[in-house]
Amino acid sequence: MLDIKGLEVSLEEEEKQILKGVDLAIQPGEVHAIMGPNGSGKSTLSYVLSGKDGYEVTGGSATLNGDDILVMEPEERAAAGLFLAFQYPVEIPGVGNMTFLRTAVNAQRKSRGEEELSAGEFLKIIRAKAKTLEIDADMLKRPVNVGFSGGEKKRNEILQMAMLEPKMCILDETDSGLDVDAMKLVSHGVNALRDEGRSFLVITHYQRLLDHIKPDVVHIMANGRIIKSGGPELALEVENNGYADLLAEVA
Amino acid sequence: MSAVEAKSVPDRLEALEVTTTGWSAEARGHALARLRNAGLPSKRDEYWKYTDPTTLNADDAPTAALFNAGEKPLFDDVERLKIVFVDGVFDAEASDDLTLENVEIARLADTEGADIHWAKGLYGVLENNGQTPVKRPFAALNTAMATDGVLIRVTGPVAKPVSLIYRHASDTSDAVLHHVIRVDDGGSLTLTENGPAAARFNKVMEVDIADGAAFHHVRAQGRDHERRAVTHMFARLGKESTFRSFTLTANGVLTRNECVIELTGDDALASVSGAAVGDGVFHHDDTVFVTHDALNCESRQVFKKVLRNGAVGVFQGKILVKEGAQKTDGYQISQSLLLDEDSQFLAKPELEIYADDVACSHGSTSGAIDEDALFYLQSRGVPLQQAQDLLVLAFLSEALEEIDSEELSDALRHRLEDWLARRSS
């Protein structure tokens with residue numbers, strides 16, 4: 001599904017290398033987690049994969065089902081099946097949440113040569129999906145993320161994911177700012193989307209999210225590299241001992 | 001300027017004369033005296049600092065090519081009474097019969113010989129009130145020289161909008177229209193205006209809204225790129241009355257829209273708003289003056305501009321709260337979205353308050369499109385251009401929301417979508 005080889009990335013504005021050769025291969029249906037201390041490059045990896053401005057790829061490659069995504073525009077990556085659930089979802093005053101979602105869904109369908117959904121069809125689908133995430137009609141009508149609580153914003157991200165049905169989902173610290181109940185709700189939404197053809201990359205600081213979204217592989221990232229990979233037990237080790245031991249091990 | 005030697009401004013104003021002898025003659029004479037006294041504005045005038053009036057002052061209208069967007073006329077699906085002017089000349093054939101329940105409509109040019117008391121009490125009167133503290137010479141010129149217009153008296157609720165349609169057929173036309181509207185107690189009217197009108201258009205609308213009456217005005221100023229317009233709206237509001245005026249401006253080499261509102265009765269509401277989109281040679285000026293002279297009134301000014309390729313937007317907005325106008329709620333916002341570094345927005349928001357128990361706020365911003373929002377939309381699969389258009393419409397929507405009719409605001413929203421689509425194709 002997602003193949004990252006020796007990815008090196010610097011900031012465009014200043015001479016600062018953030019990713020120093022990241023290798024990561026995610027197979028269809030797998031859930032991978034990336035943990036790591038602050039500043040290790042986790043969020044940068046998610047932004048570079050989704051195509052945000054401000055980063056320069058200086059080496060390596062990233063492909064989605066064999067296609068080089070690094071040369072694509074952000075919207076092309078989305079149409080190819082990539083989705084980033086933002087750590088800080090953006091507020092867009094003046095654009096209704098429903099309008100936003102319908103525009104996005106139909107833009108992707110159009111780029112894939114599929115028929116656009118009518119207002120009626122769309123409404124039917126979104127109502128059903130919103131209900132399982134406890135998103136009410138009012139939240140669908142309001143401007144995108146404006147006045148949403150932290151939990152509402154994250155649920156809205158998962159709703160977008162559910163509507164867009166991407167193949168490769170990247171969740172950037174989706175658990176930040178969530179209370180236990182909201183985390184359960186969000187995790188439930190994510191788990192409902194798990195299937196053989198869909199992969200996840202879950203970026204998190206805390207092991208607790210991984211109690212709800214069970215990963216197949218856990219990676220530890222530090223200083224722009226993946227320094228260790230293992231099973232779910234690796235996350236527990238971090239939870240108990242912190243990163244210090246792992247960092248020492250590598251050094 | 002014509003081929004003959006250009007006359008000096010005072011000479012040109014001396015040469016003007018009021019030719020009608022009907023009921024408006026006296027008011028026109030006074031207006032001409034006002035105009036001679038004030039002179040025509042120049043860029044040296046403080047009130048014209050940001051907008052050069054030279055071409056509005058010129059003897060002849062600079063030519064303006066006709067523009068055909070090749071789409072359905074605006075508000076075509078709206079059930080309404082149509083009154084059509086072509087280059088400022090009434091077109092009876094294209095217009096509907098002027099009879100409608102709860103409203104009397106007459107043409108200014110038709111009624112010169114009649115004795116229309118209500119109109120006589122207003123023609124040039126609200127315009128004259130609006131000449132202090134700032135002179136508005138083009139409005140005085142209009143009162144003196146208007147060739148036609150409509151007189152509308154509303155006596156009750158009017159079931160459908162009255163629609164003034166301004167067609168542009170000659171590339172050198174110079175039109176001067178003057179409308180007078182009186183909405184009686186308990187009456188309500190929606191008036192729409194649309195079309196480029198002429199190569200150069202000078203229009204005045206005087207609106208007197210009685211106690212408990214309502215007036216809704218929705219305007220779209222034709223998309224001929226080279227047209228010029230100087231327009232004035234003078235509104236006087238009685239107790240518990242409502243005034244709403246929205247203007248959409250897309251294209252036009254030069255537009256100056258002045259709106260002068262007097263809140264004279266308690267508990268009245270006035271809203272004046274506009275959305276302007278300019279690409280290239282485009283200069284758009286909204287100049288607003290709201291006077292609060294009664295208790296517990298609310299006024300709103302909401303102006304949004306989207307500018308690119310060197311387009312220029314101007315906003316001069318003032319809220320004057322007179323002594324004793326307690327519990328005034330005044331709101332003013334003017335914002336521009338600059339899509340490149342060549343475009344410009346000039347704003348002069350002003351508050352002048354002589355009462356001590358009021359809430360007035362004003363804000364003015366200009367900025368580029370929100371990159372984070374743009375990336376967010378793109379990351380969901382929305383192509384860059386479509387994402388930009390969506391954000392532009394979102395930016396304008398606060399102004400569109402001031403319109404009280406969903407049908408009319410939807411029509412304008414679609415017009416804006418077309419305008420954006422035309423630019424991206």
I need every pair where a residue in the stretch A:89-105 that is within 7 Å of chain B (Cβ to nearest Cβ) has its Cβ under 7 Å from the Cβ of a residue that is open to solvent by 50 Å² or more (accessible area, probe 1.4 Å), sequence separation at least 6 or different chains. A:90/B:372; A:94/B:398
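Of everything in the stretch B:42-91 that's β-branched (Val, Ile, Thr), out of contact with any Pro (no Cβ under 6 Å at 6 or more places or on another chain) and not in a loop (DSSP other than H, G, I, E, B), which residue is surrounded by the fewest Cβ atoms within 10 Å (Cβ to Cβ)?
Per the criteria, the residue is B:54.
Listed here are the residues, each with its yes/no results for (1) touching a residue at least 40 places away in the same chain (Cβ under 8 Å); (2) open to solvent by 70 Å² or more (accessible area, probe 1.4 Å); (3) of a type in the set (Asp, Glu).
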residue: A:142; (1), (2), (3): yes, no, no
residue: A:163; (1), (2), (3): yes, no, no
residue: A:174; (1), (2), (3): yes, no, no
residue: A:183; (1), (2), (3): no, no, no
residue: A:200; (1), (2), (3): yes, no, no
residue: A:218; (1), (2), (3): yes, no, no
residue: A:233; (1), (2), (3): no, yes, yes
residue: A:245; (1), (2), (3): no, yes, yes
Take the stretch A:39-65 and flag every residue that is on the phi > 0 side of the Ramachandran plot and touching a residue at least 60 places away in the same chain (Cβ under 8 Å). A:41, A:65
Among the residues of the stretch B:92-120 satisfying the criterion of being closer than 21 Å to residue B:237 by Cα and either at pLDDT below 95 or among the hydroxyl-bearing types (Ser, Thr, Tyr) (or both), which is least open to solvent (accessible area, probe 1.4 Å)? B:119
Wholly enclosed helices (runs of 4 or more DSSP H) of the stretch A:56-139 bearing at least 3 residues within 13 Å of residue B:377 (Cα to Cα) and open to solvent by less than 30 Å² (accessible area, probe 1.4 Å): A:74-79, A:97-111
In the stretch A:106-139, what count of residues is obtained for those that are within 22 Å of the chain's Cα centre (by Cα) and within 12 Å of chain B (Cβ to nearest Cβ)? 6
What number of residues within the stretch A:140-188 satisfy the criterion of being of a type outside the set (A, V, I, L, M), within 21 Å of residue A:43 (Cβ to Cβ), more than 13 Å from chain B (Cβ to nearest Cβ) and part of a helix (DSSP H, G or I)? 5
When you look at residue A:3, is it more than 14 Å from chain B (Cβ to nearest Cβ), surrounded by fewer than 15 Cβ atoms within 10 Å (Cβ to Cβ), of a type in the set (D, E, K, R) and touching a residue at least 12 places away in the same chain (Cβ under 8 Å), yes or no? no
For residue B:23, indicate whether it is surrounded by 14 or more Cβ atoms within 10 Å (Cβ to Cβ) and in contact (Cβ under 8 Å) with a residue 40 or more places away in the chain. yes
Picking from B:255, B:249, B:242, the residue that is under 19 Å from residue B:58 (Cβ atoms) and either touching a strand residue (DSSP E or B) at 6+ places or on another chain (Cβ under 8 Å) or at pLDDT below 95 (or both) would be B:255
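The values are calculated or read from the model by the stated rules, or taken from the named source; none is laboratory data. Bear in mind that the values here come from a model prediction, so they are computed numbers and not experimental data. Cβ coordinates were reconstructed from backbone atoms using ideal geometry, including for glycine residues, and neighbour counts include every protein chain displayed. When the accessible area is computed, the model is the full protein with side chains, heavy atoms only, and any ligands, DNA or RNA have been set aside. Shrake-Rupley method; radii C 1.70, N 1.55, O 1.52, S 1.80 Å.
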